[in-house]
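Here the structure is laid out as structure tokens; the discussion comes afterwards.
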Amino acid sequence: MVQQRYIWIFPTLLHRWLWKDLARDLEKKLGLRPLFIIADEQDRQFWERQFDEPLDAEIAVHFDYLSYALDASEKSVVDYEALCRAANFEKTHGITLMRDMVLGCRHIGRAYILGGQGHPASKVSKMISRQGAVHTCMAITDDFEKMAENYPPGLMLVGGGGGGVYMKSACLIARQNGIPFRSLVHARFADYYLWADSEFEESECFRQFHTSQPAPKKFDIDYVHKHLTPTGLSVVGFAQIRAGTDWIKIMRRIVIILLRNIYGRLRGYRKSRVGPSSIETARMIIRQRLDRIKLKKLATIKINDIPAAEKVIYFPLQTEPEHSLNVLSPEHSNQLATAVELALSLPADAILAVKEHPYQIGRRTKGTYETLAALPNVAFIDIDESSIELIKRADLVAVISSSAGYEAAALGKPVLHFGRHGQALDLPHVYGMKGFSDLTHIPEIIANNTEEAKQIQRRDGARYYLAIEKYCLDMSSFDAHGRTARPTPEEISEISASLLKTLSSSLFDISETRTQVKK
């Protein structure tokens, strides 16, 4: 009898409404038994009770790696044999633990996250040592390898993400053994989603679809410029942020956080034990109000007031710590250094327009805004001004991995992209920056952006956006953000179909893994 294989499912809470029924649907279609890999016993209770019915899947509770990191950091004797083993592991996979795993963890890697030191510090982040970080990375790798022996994976699914200390090892196991890995990620526009085939949110299936699309007509290009909208996540989140900045709402939030933390500690919840203290979180919430006022004062110019003769290079700041920066761009994540080097590289008739990400307010490292504001050719843009309108005004947009780079590329603007990964790099007017030395090309890129070049870039950008609309899963009608209601059979069918089309015979031979599932 063929050995039973499993769908490893890492059911993120952002889209917690879909995993239970999606797992059931995929088991019927693929013959793979679902395995829910969860963080703790509290998660087990949630999934077993969701929708008032038991979970028809295996469950594996991941070991508490943050508590393990604390214990390992307290050991005074350095285990050089373990460090040597970790170095060999790095060599085998072509990574370094610090860059490719630790940086992506806001607890263990907090010291490397230079732009987000205002984010609440956990007990782990205050006590972590080299030994604790290395031991934890290897312990979680051992845990996944043992899990692979007990539950041989035929497919891995995650709701966004895939890197950091928590999941990088699973990605490496998948890559090393030819196991399909799929991550449900936002396509950077509206409420479009796709199943990426790596932790870097790239999809070879979409890439092939995109390159097969015909050149758009003028009315297609006009359609894109009129209808292109930013990510639905930002539209929902930004409105909530603006609505919660008065002192009464701030104090209410702090009281609720304090009560939740006390309750969590009494119940022995993992998050309350190893996560940030209530005091740290309360300080950040207060800083959100104060930093918002500071940014309003620093914003000395509005988009419409920028002189027409002024060349504008737009650099949107990103949230930090955050998967979209620390996992998607492990090779380049220092935003302050990037902003300074950009400012140094601009021609005399250009300014660097900087705009803070609303989610980051209150989390930015102290002194960052003052440092940027002191640079003579840097202009802060009001946080409430439209990023899309700033992109349309800009001559060039520079990003590490920000969605603004995708929006700019779709609108035909030249983009400097410092991250080594990302679907936008497929576009010819998105320039991959391998290092700061490449910034010497900025004057040339601006000079070559002739009207003829702009027309070609608009065409290529529109072709990309239209491919997104045609290929991706449109979840705008799902009311997906914060949803708790059970998905309809039609919704599950649509989500499942969007996944299955990426599992071609060249990637995944279903017939080899289909077995009679024992109930």
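Bear in mind that the values in this text are calculations on the coordinates, not laboratory data. Quantities reported herein were computed from a predicted structural model and do not represent experimental measurements. Positions of Cβ are backbone-derived with ideal geometry, glycine not excepted, and every protein chain shown enters the neighbour counts.
Before moving on, here are some points about what is shown:
- Where Rh is the Kirkwood radius over Cα pairs, Rg/Rh for region 308-367: 1.02
- Contact order relative to length of region 65-134, as percent, for alpha carbon pairs under 8 angstrom and 6 or more apart: 50 percent
- Karplus-derived HN-Hα couplings along region 186-192 (A = 6.51, B = -1.76, C = 1.60, θ = phi - 60°), whole Hz, x at Gly and Pro: 6, 7, 5, 10, 6, 10, 8
- Bridge orientation summary for the chain: considering DSSP beta bridges with both residues in this region, about 15 percent are antiparallel.
- Against the compact-protein benchmark of 2.2 N^0.38 Å, the Cα-based radius of gyration of region 25-179 scales to 1.14.
- Cut-off 13 Å (backbone N to label point 7 Å along Cα→Cβ of residue 371), residues of region 82-126: 113-118
- Sites listed here are chymotrypsin sites (Phe, Trp or Tyr not before Pro) in region 350-412 whose DSSP assignment is loop and whose Cβ has at most 14 other Cβ atoms within 10 Å, and the list is empty.
- With 5 Å bins from 0: P(r) over region 65-134, alpha-carbon pairs, percent: 3, 17, 26, 22, 20, 8, 4, 0
- Amide H partners (placed H, <5 Å) of residue 229, local residues excluded: 190
- Dimensionless Rg over Rh [region 410-463; C-alpha; Kirkwood]: 0.97
- Each semi-axis of the equivalent ellipsoid for region 169-211 is √(5λ) with λ an eigenvalue of the Cα gyration tensor; in descending order they amount to 21, 12, 6 Å.
- Residue among 160, 38, 86 farthest towards the positive dipole end of the chain, charges placed on Cβ: 38
- Taking each DSSP H run with n ≥ 4 as -39500 (n - 2.57) and averaging over every residue of the chain yields -14000 deg cm²/dmol at 222 nm.
- Across the options 183, 487, 274, the greatest Cα extent toward the positive end of the charge dipole of the chain (unit charges at beta carbon of Lys, Arg, Asp, Glu) belongs to 274.
- Quarter of Cα convex hull surface for region 292-399, i.e. mean projection, nm²: 6.6 nm²
- Here residue 310 and residue 331 are evaluated by their C-beta separation; at R0 = 35 Å the FRET efficiency comes out at 0.65.
- Normalised by the number of residues in region 1-97, the average gap of Cα pairs under 8 Å and 6 or more apart makes the relative contact order 22 percent.
- Taking Cα centre as origin and charging only the Cβ of basic (Lys, Arg, +1) and acidic (Asp, Glu, -1) residues, the dipole magnitude of the chain rounds to 1340 debye.
- Among the helices of the chain, those built from whole DSSP H runs whose Cα atoms reach 18 Å or more along their own axis and whose mean Kyte-Doolittle hydropathy is at least -0.5 are 164-177, 247-267, 278-298.
- Full extension of the chain between residue 488 and residue 451 gives 8.5 nm of extra length, using 0.36 nm per residue less the Cα-Cα distance.
- Residues whose amide H falls under 5 Å from that of residue 116, counting only those 5 or more places apart or on a different chain, are 365, with hydrogens built in the peptide plane.
- Gained length - residue 395 relative to residue 217, 0.36 nm times residue gap less alpha-carbon distance: 61.7 nm
- Total charge dipole magnitude, region 65-134, about the Cα centre, Cβ charges on Lys, Arg, Asp, Glu only, Debye to nearest 20: 220 debye
- Assuming charge only on the beta carbon of Lys and Arg (+1) and of Asp and Glu (-1), the dipole of region 146-288 about its Cα centre is about 900 debye to the nearest 20.
- Cα Rg, Dmax (largest Cα-Cα span) when computed across the chain, Å: 23.6, 74
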